[in-house]
Amino acid sequence: MTVVLAIETSCDETAAAVVEDGRVVRSSVVSSQIDLHARFGGVVPEVAGRAHLESLTAVVDEALEQAGTTGAGIDAVGVTIGPGLIGSLLVGVAAAKAYSLAWEVPFVGVNHLEGHLHAAFLEDPDLALPAVVLLVSGGHTMLIHMQRDGTYRLLGQTIDDAAGEAFDKVARYLGLGYPGGPVIDRLAADGDPHAIAFPRGLRGAGLDFSFSGLKTSVVTWVRKHPDAPVADVAASFQEAVVDILVEKTRQAAAAVGAKAIAIGGGVAANSSLRARIQAAAEDDGRGAFIPSRAMCTDNAAMVGATAWYRLRADGPTPLTAAADPNLRLAVIAGG
Ligand code: KG4
Ligand code: ZN
């Protein structure tokens with residue numbers, strides 16, 4: 001049995017988890033900084049770094065306590081090493097190295113995106129491969145072909161804004177606060193998704209995505225119709241994003257003959273996207289894996305699962321490894 005203490009501080013959640021053999025989550029603690037950043041309308045990197053520094057030790061202690069263990073029961077320390085905000089990553093990476101040295105256990109640097117990919121497996125170990133994973137967060141929008149041998153192939157990605165970024169920017173324009181995704185999701189439930197015909201970016205044009213035109217057209221439309229019900233704008237905007245995400249995921253799954261479709265990243269918490277992906281997979285006779293909302297947004301359990309996997313596959317990461325804000329997923333590129 002290998003017990004991993006995992007740490008995640010790449011953006012605005014300070015998180016720690018204790019995960020056994022990459023599968024059993026013994027504890028997962030997430031301390032959100034949303035309240036700190038909300039008044040600025042977005043994550044302020046300087047504020048995020050300081051907040052991680054202030055709360056990380058307590059969050060780690062809490063994760064150990066909830067798991068009923070101490071440093072003596074930990075066999076490896078895993079941490080998100082990139083991509084993310086450099087000042088935030090540094091806090092988690094420095095702490096993880098310190099724990100690893102103090103407890104004399106291996107240190108494992110984890111790619112945050114690979115963490116999101118593993119989140120699906122953490123809750124459904126029997127997820128059939130090959131699978132297509134739609135990874136949609138505040139910073140990324142990618143379609144990934146997950147193969148049986150643990151390799152990833154990038155099938156498509158956004159050429160401009162990430163899906164979550166579009167939610168956040170539109171919400172900010174509509175004066176709905178930060179983060180935008182959950183608010184728009186809630187408002188959309190009371191609106192008409194067909195009220196306004198917003199554009200579907202790159203429809204029918206391969207597996208890449210584009211959301212910046214959609215964002216601009218929401219702004220232009222609202223300027224012309226200042227009295228339109230905001231619930232209709234939210235619902236119609238969300239429909240445009242979800243339509244294109246579902247369409248391309250389906251197309252990707254058909255192209256590679258995927259046995260299953262999985263979703264991950266913060267936007268995978270979206271109610272409409274969850275329902276529509278589930279329905280599409282059923283229609284196409286594929287398995288679907290829709291992780292719990294807590295597993296979609298940033299957490300350390302997914303980092304712990306990935307660390308265990310990486311430790312077995314590649315061994316420990318040298319302590320000289322540095323946090324990398326632009327770390328890429330080790331994918332085999334190509335269509
Ligand atoms: O994965 P995540 O927690 O952090 C990043 O790695 O980016 O994703 C955060 C993003 C934000 O853009 C947020 O607005 C979006 O996920 N999000 C949602 C929902 N919940 C969070 N977007 C749409 N609907 C939601 N329910
Ligand atoms: Zn994330």
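Restricting to the stretch 182-198, and then to whatever is in contact with a Ser or Thr (Cβ under 9 Å, 6 or more places away or on another chain) and either surrounded by 15 or more Cβ atoms within 10 Å (Cβ to Cβ) or in the same structural domain as Ile34 (by TED's automatic domain parsing) (or both), can you tell me which residue is nearest to Arg274 (Cα to Cα)?
Only one residue fits best here, namely Asp185.
For the stretch 241-289, which residues satisfy the criterion of being in a strand (DSSP E or B) and either within 14 Å of ligand 1 (Cβ to nearest atom) or of a type in the set (A, V, I, L, M) (or both)?
Answer for the stretch 241-289, where residues must be in a strand (DSSP E or B) and either within 14 Å of ligand 1 (Cβ to nearest atom) or of a type in the set (A, V, I, L, M) (or both): Ala260, Ile261, Ala262, Ile263, Gly264, Ala288.
Quick check on this structure: which one of Ala38, Ala58, Ala63, Ala16 is out of contact with any His (no Cβ under 6 Å at 6 or more places or on another chain), outside the structural domain of Gly139 (by TED's automatic domain parsing), within 15 Å of ligand 1 (Cβ to nearest atom) and aliphatic (A, V, I, L, M)?
Within the list Ala38, Ala58, Ala63, Ala16, the selection yields Ala38.
Applying the selection to the stretch 3-23, what residues are part of a loop (DSSP other than H, G, I, E, B) and more than 20 Å from Ala95 (Cβ to Cβ)?
Residues satisfying the conditions are Asp21, Gly22, Arg23.
Has the stretch 92-103 got at least one residue that is in the same structural domain as Met302 (by TED's automatic domain parsing) and closer than 30 Å to Ala288 by Cα?
So far as the stretch 92-103 goes, no, none of its residues is in the same structural domain as Met302 (by TED's automatic domain parsing) and closer than 30 Å to Ala288 by Cα.
Among the residues of the stretch 309-326 satisfying the criterion of being under 19 Å from the mean Cα position of the chain (by Cα) and away from ligand 1 (no atom under 16 Å from the Cβ), which is nearest to Leu85 (Cα to Cα)?
The residue in question is Arg310.
Would you call His52 within 16 Å of ligand 1 (Cβ to nearest atom), more than 18 Å from the chain's Cα centre (by Cα) and surrounded by 23 or more Cβ atoms within 10 Å (Cβ to Cβ)?
Criteria met by His52.
Among the residues of the stretch 154-175, is any more than 16 Å from ligand 1 (Cβ to nearest atom), charged (D, E, K, R) and surrounded by fewer than 24 Cβ atoms within 10 Å (Cβ to Cβ)?
No: the stretch 154-175 contains no residue that is more than 16 Å from ligand 1 (Cβ to nearest atom), charged (D, E, K, R) and surrounded by fewer than 24 Cβ atoms within 10 Å (Cβ to Cβ).
Condition (residue is crowded, with 16+ Cβ neighbours inside 10 Å and closer than 17 Å to Gly109 by Cα) applied to the stretch 22-36: is it met by at least one residue?
yes
Any residue that is part of a loop (DSSP other than H, G, I, E, B) and either among the basic types (Lys, Arg) or away from ligand 1 (no atom under 16 Å from the Cβ) (or both) - is there at least one of those in the stretch 24-34?
no
For the stretch 243-275, give me each residue that is β-branched (Val, Ile, Thr) and surrounded by fewer than 24 Cβ atoms within 10 Å (Cβ to Cβ).
Of everything in the stretch 243-275, those that are β-branched (Val, Ile, Thr) and surrounded by fewer than 24 Cβ atoms within 10 Å (Cβ to Cβ) turn out to be Ile244, Val246, Val256.
Would you mention how many residues in the stretch 170-198 are farther than 17 Å from Ala235 by Cβ and either basic (Lys, Arg) or part of a helix (DSSP H, G or I) (or both)?
Of the residues in the stretch 170-198, 1 are farther than 17 Å from Ala235 by Cβ and either basic (Lys, Arg) or part of a helix (DSSP H, G or I) (or both).
What tally of residues in the stretch 199-240 results from selecting those that are over 21 Å from Gly266 (Cβ atoms), part of a loop (DSSP other than H, G, I, E, B) and of a type outside the set (A, V, I, L, M)?
Qualifying residue count, the stretch 199-240: 9.
For residues that are away from ligand 2 (no atom under 16 Å from the Cβ), touching a helix residue (DSSP H, G or I) at 6+ places or on another chain (Cβ under 7 Å) and among the β-branched types (Val, Ile, Thr), scanning just the stretch 1-32, find the one that is nearest to Thr57 (Cα to Cα).
Val29
When the residues of the stretch 307-335 are filtered to those that are in a helix (DSSP H, G or I) and either closer than 19 Å to Val91 by Cβ or acidic (Asp, Glu) (or both), which remaining residue is modelled with the highest pLDDT?
Ala307
Residues Leu214, Leu176, Leu207: which one is more than 16 Å from ligand 2 (Cβ to nearest atom), at pLDDT below 95, of a type in the set (A, V, I, L, M, F, W, C) and in contact with a helix residue (DSSP H, G or I) (Cβ under 7 Å, 6 or more places away or on another chain)?
Leu176
Checking the condition farther than 21 Å from Phe121 by Cα, of a type in the set (Asp, Glu) and without any contact (Cβ under 8 Å) to a residue 40 or more places away in the chain, which residue from Asp324, Asp314, Asp283 passes?
Asp283
The values are calculated or read from the model by the stated rules, or taken from the named source; none is laboratory data. Keep in mind the model is a prediction, meaning the values are calculated, not measured. Cβ sites come from the backbone with ideal geometry, for glycine too, and all protein chains shown count toward neighbours.
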